[in-house]
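Student: For reference, the structure I am asking about is given below.
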Amino acid sequence: MNLKTLSLFAFSLVARYFTVANAATINIRSNCPFTVWAAAVPGGGMQLDSGGVWDITANPGTTGTRVWARTNCQFDGAGRGSCQTGDCGGLLECQAYGAPPNTLAEYALNQFNNLDFFDISLVDGFNVPMDFSPTSGGCTRGITCKADIIGQCPDPLKAPGVGAELVNFHWEAKG
């Protein structure tokens, strides 16, 4: 399945290819009624108020990409601070993956037979519900993790006060 346009519940992540050899533009949109801090490796991070958008570029052959939401963050003017969930070494613009707990969206572009791969992972715990669904192109099936599963997580992978009632992102990937 080729990643043409994907959407993720809680953010909007959109990647559209101009050709197979070109980079994809990933558009991340927050549909939350409160501020979240989107993070991506590679890509960095950005504060997103409700309705806010952040574009990142994913080069052909990109692997190991993670995108996640950070919650309850505070940063100073230099971009240093902390987040209750998904913190990435105290930086606004992440250089490393976020600390658990966080719900992850992962993708790899132009891999085996020039296919793109995407998934939602709870390997680092759960902090927000997420939906990663195609909105155009040849792929018509998406992935959803909308349930508030905090009660099912082991204590080290829980964040108090964070759950489905707090986050409603939607992300779309246009390439």
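The values are calculated or read from the model by the stated rules, or taken from the named source; none is laboratory data. Just so we're clear, the structure is a prediction, and the values are computed from it rather than from any experiment. A quick note on method: Cβ atoms are made from the backbone with ideal geometry, for glycine too, and the neighbour counts reach across all protein chains shown.
Student: Which pairs do you get when a residue that is among the hydroxyl-bearing types (S, T, Y), found in the range 71-82, comes within reach of a residue that is surrounded by 10 or more Cβ atoms within 10 Å (Cβ to Cβ), reach meaning Cβ atoms under 6 angstrom, with the pair 6+ apart or on two chains?
Tutor: Here the result reads T71/Q84; T71/T85; T71/V162; S82/G90, each pair linking the range 71-82 to a residue that is surrounded by 10 or more Cβ atoms within 10 Å (Cβ to Cβ).
Student: Now a separate question. Of the numbered conditions (1) under 20 Å from M130 (Cα atoms); (2) assigned to a loop (DSSP other than H, G, I, E, B); (3) out of contact with any helix residue (DSSP H, G or I) (no Cβ under 9 Å at 6 or more places or on another chain), G77 satisfies every one except a single condition; which is it?
Tutor: Among (1) under 20 Å from M130 (Cα atoms); (2) assigned to a loop (DSSP other than H, G, I, E, B); (3) out of contact with any helix residue (DSSP H, G or I) (no Cβ under 9 Å at 6 or more places or on another chain), G77 violates only (1).
Student: To continue, here is another question. Could you tell me whether G45 is buried (at least 19 other Cβ atoms within 10 Å of the Cβ), at pLDDT 90 or above and in a strand (DSSP E or B)?
Tutor: Details: buried (at least 19 other Cβ atoms within 10 Å of the Cβ): yes; at pLDDT 90 or above: yes; in a strand (DSSP E or B): yes.
Against the criterion (buried (at least 19 other Cβ atoms within 10 Å of the Cβ), at pLDDT 90 or above and in a strand (DSSP E or B)), G45 qualifies.
Student: Within the range 83-97, count every residue that is in a loop (DSSP other than H, G, I, E, B) and either touching a residue at least 40 places away in the same chain (Cβ under 8 Å) or over 16 Å from the mean Cα position of the chain (by Cα) (or both).
Tutor: Going through the range 83-97, the residues in a loop (DSSP other than H, G, I, E, B) turn out to be 86-90, 92-97.
Among the residues that remain, those that are also either touching a residue at least 40 places away in the same chain (Cβ under 8 Å) or over 16 Å from the mean Cα position of the chain (by Cα) (or both) are: 86, 88-90, 92-97.
Total meeting the criteria: 10.
Student: For L115, which of the numbered conditions (1) surrounded by fewer than 20 Cβ atoms within 10 Å (Cβ to Cβ); (2) modelled with pLDDT of 90 or more fails to hold?
Tutor: The one condition L115 does not meet is (2).
Student: If you don't mind, there's one more thing I want to ask. Among the residues of the range 91-103 satisfying the criterion of being surrounded by 15 or more Cβ atoms within 10 Å (Cβ to Cβ) and out of contact with any helix residue (DSSP H, G or I) (no Cβ under 9 Å at 6 or more places or on another chain), which is nearest to F117 (Cα to Cα)?
Tutor: At the first step, the residues of the range 91-103 found to be surrounded by 15 or more Cβ atoms within 10 Å (Cβ to Cβ) are 91-92, 94, 97-103.
Now restrict to residues that are out of contact with any helix residue (DSSP H, G or I) (no Cβ under 9 Å at 6 or more places or on another chain): 91-92, 94, 97-99, 102-103.
Numbers: L91: 28, L92: 27, C94: 22, Y97: 19, G98: 21, A99: 23, N102: 20, T103: 17 Å.
Selected residue: T103.
Student: Identify, please: which residue in the range 98-112 is closer than 19 Å to G43 by Cβ and among the hydrophobic types (A, V, I, L, M, F, W, C) and is, among those, modelled with the lowest pLDDT?
Tutor: Just the residues of the range 98-112 that are closer than 19 Å to G43 by Cβ, to begin with: 98-99, 102-111.
Narrowing the set further to residues that are among the hydrophobic types (A, V, I, L, M, F, W, C) leaves 99, 104-105, 108-109.
On the way: A99: 93, L104: 87, A105: 86, A108: 84, L109: 81.
The extreme case among them is L109.
Student: Does the range 52-62 contain at least one residue that is surrounded by fewer than 17 Cβ atoms within 10 Å (Cβ to Cβ) and within 30 Å of Q152 (Cβ to Cβ)?
Tutor: no
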